[in-house]
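As structure tokens, the structure follows; a few thoughts come after it.
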Amino acid sequence: MIPTTHVLILSAALFSIGVLGVMLRRNVIVIFMSIELMLNAVNLSFVGFAREMDSMTGVIFIFFIIVVAAAEAVVGLSIILSIYRNRQTLNVDEYNLLKW
Amino acid sequence: MLLTFYILGTVSVLSALGVLVCRSPVYSAMSLVCSFFCLGGIYILMNVEFVAVIQILVYAGAILVLFLFVIMLLNIVPTGESVRFNLPVLIAFGIAVGLFAQISGLFLGDIQFGPKDVYTAEAISEEGSIGLIGRLLYGEFVLPFEAISILLLVAVIGAVIIGKRRLN
């Protein structure tokens, strides 16, 4: 039996790594992967809590989170493709069209 | 079993760090696949086989392949993006470590769980976890299920429209 606290701490570590990736990297695709990493960390904590509380709702929520992650990845990557066609770069610092 | 959990957890954290460290996005994507597979193993250890299967099929199989396709389409040369330890980077590290300390401190304190539900491990193994998920998904959660299918349809149409070169 894996202690729930350890599962939750693992998920906290993965989430913090995802946050660090979003702040540190400038490549827009790697930033996107870090967002996926954060969604995964949340899934892990959902499983931990669902098992601790003898509930099935957490597993159903994971199903929904994965669908939302897939939709987000599809739309986000097509936005990245169309931005790349216009600007020929993946560096987020150069995407400054909306900057004031 | 606990040892397997620690090994899988360590490998998943290390490969998550590999996503940040690798210069080439292809290596980052491969590192992310490794992390997702380890998480799938952890889900199997925690007796949620359905989540493990969709983790590997949808995340590692579909979403990461999409990432690799986009990387391939864009024909990226690895840039000389190097992380220097200047002030903003140190602030970013500070925020991440602080976030980790905050969340894990919260979890290490005494968590007050609410009332328990009826789905214990024995109840789940009696009906089978996938059957139970299917019954809940088409029973209690049928409205969110329909809403999420509309969301997926909108995302597919949106991706096609954004991806088209010119609209007319």
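The values are calculated or read from the model by the stated rules, or taken from the named source; none is laboratory data. Worth saying up front: this structure is predicted, and the values here are computed from it rather than measured. Here the Cβ is made from the backbone with ideal geometry for all residues, glycine too, and neighbour counts use every protein chain on show.
Numbers for the structure displayed
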item	result
Test: residue in the stretch B:108-115 that is more than 30 Å from B:Leu66 (Cα to Cα) and either part of a helix (DSSP H, G or I) or at pLDDT 90 or above (or both)	yes
Selected residue [within 14 Å of the chain's Cα centre (by Cα) and modelled with pLDDT of 90 or more] from A:Ile66, A:Ile9	A:Ile66
Any hit, the stretch A:22-32, residues being buried (at least 21 other Cβ atoms within 10 Å of the Cβ), without any contact (Cβ under 8 Å) to a residue 40 or more places away in the chain and closer than 23 Å to A:Pro3 by Cβ	no
Residues of the stretch A:70-82 satisfying the condition of being farther than 14 Å from B:Ser149 by Cβ and within 7 Å of another protein chain (Cβ to nearest Cβ)	A:Ala73, A:Val74, A:Val75, A:Leu77, A:Ser78, A:Ile79, A:Ile80, A:Leu81, A:Ser82
Residues being among the hydrophobic types (A, V, I, L, M, F, W, C), under 17 Å from B:Leu108 (Cα atoms) and facing another protein chain (nearest Cβ under 7 Å) - total across the stretch A:16-52	1
All positions within the stretch B:51-62 that are at the interface with chain A (Cβ under 7 Å from one of its Cβ atoms) and either in contact (Cβ under 8 Å) with a residue 24 or more places away in the chain or surrounded by fewer than 24 Cβ atoms within 10 Å (Cβ to Cβ) (or both)	B:Ile54, B:Val58, B:Ala62
Residues (within 10 Å of chain B (Cβ to nearest Cβ) and either touching a Cys at 6+ places or on another chain (Cβ under 8 Å) or not in a loop (DSSP other than H, G, I, E, B) (or both)) located in the stretch A:84-98	A:Tyr84, A:Arg85, A:Asn91
Members of the stretch A:10-65 that are among the charged types (D, E, K, R), part of a helix (DSSP H, G or I) and over 16 Å from B:Ile133 (Cα atoms)	A:Glu36, A:Glu52
Test result for B:Leu99, assigned to a helix (DSSP H, G or I), facing chain A (nearest Cβ under 7 Å) and at pLDDT 90 or above	yes
Test: residue in the stretch B:125-142 that is within 8 Å of chain A (Cβ to nearest Cβ), surrounded by 14 or more Cβ atoms within 10 Å (Cβ to Cβ) and not in a helix (DSSP H, G or I)	yes
